Amino acid sequence: MKDLETLGFNVELLDLRNYFGKSNELVNLLERIHTFYVAGGNTFVLRKAMRLSGFDELLKQYANNDNYLYSGYSAGAYLLSKDMHGVAVMDEIDVDLYESGLPPIDEGIGFIDEAIIPHFQSDHKETEAASRAVEYCEKTVCLI
């Protein structure tokens with residue numbers, strides 16, 4: 001957040017946990033906030049937070065609206081893919097951090113046909129896991 005503020009952006013933290021089961025309140029907030037930078041972490045935890053808050057469906061509604069911009073880093077980018085099986089090589093799929101009782105969500109938002117494998121051939125600590133994810137995707141249904 002500090003890096004974005006240094007660049008001159010007004011930054012506000014949007015914690016989706018505050019909107020679980022309150023998608024109407026989230027809609028009201030999104031009338032004011034139009035740009036999102038979604039950080040990384042466990043892709044399946046983030047995906048579940050999006051489902052529980054309704055943010056995933058709102059993203060789909062705003063997909064063709066020029067007034068909204070979504071950018072993501074790591075998990076924040078990967079979950080835009082249709083299929084998230086490849087990232088299960090890197091992230092624990094069965095985590096239910098929010099004790100929601102929901103089964104793991106292995107389908108992404110669906111904006112991108114190909115799987116984005118974050119940290120592949122990089123100096124990031126997860127580059128080895130990313131290589132395994134790419135291998136998995138090359139052998140299965142992931143499009144990379």
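Assorted remarks:
- Residue check for Val134: in contact (Cβ under 8 Å) with a residue 12 or more places away in the chain and over 24 Å from Leu14 (Cβ atoms): yes
- Taken together, the criteria place Ser131 among residues that are over 20 Å from Leu4 (Cβ atoms), open to solvent by 30 Å² or more (accessible area, probe 1.4 Å) and part of a helix (DSSP H, G or I).
- Residues (under 26 Å from Pro118 (Cα atoms), assigned to a helix (DSSP H, G or I) and open to solvent by 40 Å² or more (accessible area, probe 1.4 Å)) located in the stretch 1-57: Lys2, Asp3, Leu4, Glu5, Thr6, Arg17, Arg51, Leu52, Glu57
- The residue of the stretch 101-128 that is most open to solvent (accessible area, probe 1.4 Å), among those that are assigned to a loop (DSSP other than H, G, I, E, B) and among the acidic types (Asp, Glu), is Asp123.
- Only one entry of Tyr136, Tyr98, Tyr73 meets the criterion of being open to solvent by 50 Å² or more (accessible area, probe 1.4 Å) and within 11 Å of the chain's Cα centre (by Cα), and that entry is Tyr73.
- Enumeration of residues in the stretch 114-132 that are over 16 Å from Gly41 (Cβ atoms) and more than 15 Å from the chain's Cα centre (by Cα): Phe120, Gln121, Ser122, Asp123, Thr127, Glu128, Ser131, Arg132
- Sole exception among (1) over 22 Å from Ser100 (Cβ atoms); (2) among the charged types (D, E, K, R); (3) touching a Pro at 6+ places or on another chain (Cβ under 9 Å) for Lys48, by number: (1)
- Hits in the stretch 4-58 (condition: of a type in the set (Lys, Arg) and under 24 Å from Met90 (Cα atoms)): Arg17, Arg47, Lys48, Arg51
- Of all the residues in the stretch 12-32, those that are without any contact (Cβ under 8 Å) to a residue 12 or more places away in the chain and over 18 Å from the mean Cα position of the chain (by Cα) number 5.
The values are calculated or read from the model by the stated rules, or taken from the named source; none is laboratory data. Every value quoted in this text rests on a predicted model; they were computed, and no experiment measured them. Methodologically, a virtual Cβ is constructed for each residue, glycine included, from the backbone with ideal geometry; neighbour enumeration extends over all protein chains shown. Just so you know, the surface numbers come from the protein's heavy atoms only, side chains and all, with ligands and any DNA or RNA stripped out. Shrake-Rupley method; radii C 1.70, N 1.55, O 1.52, S 1.80 Å.
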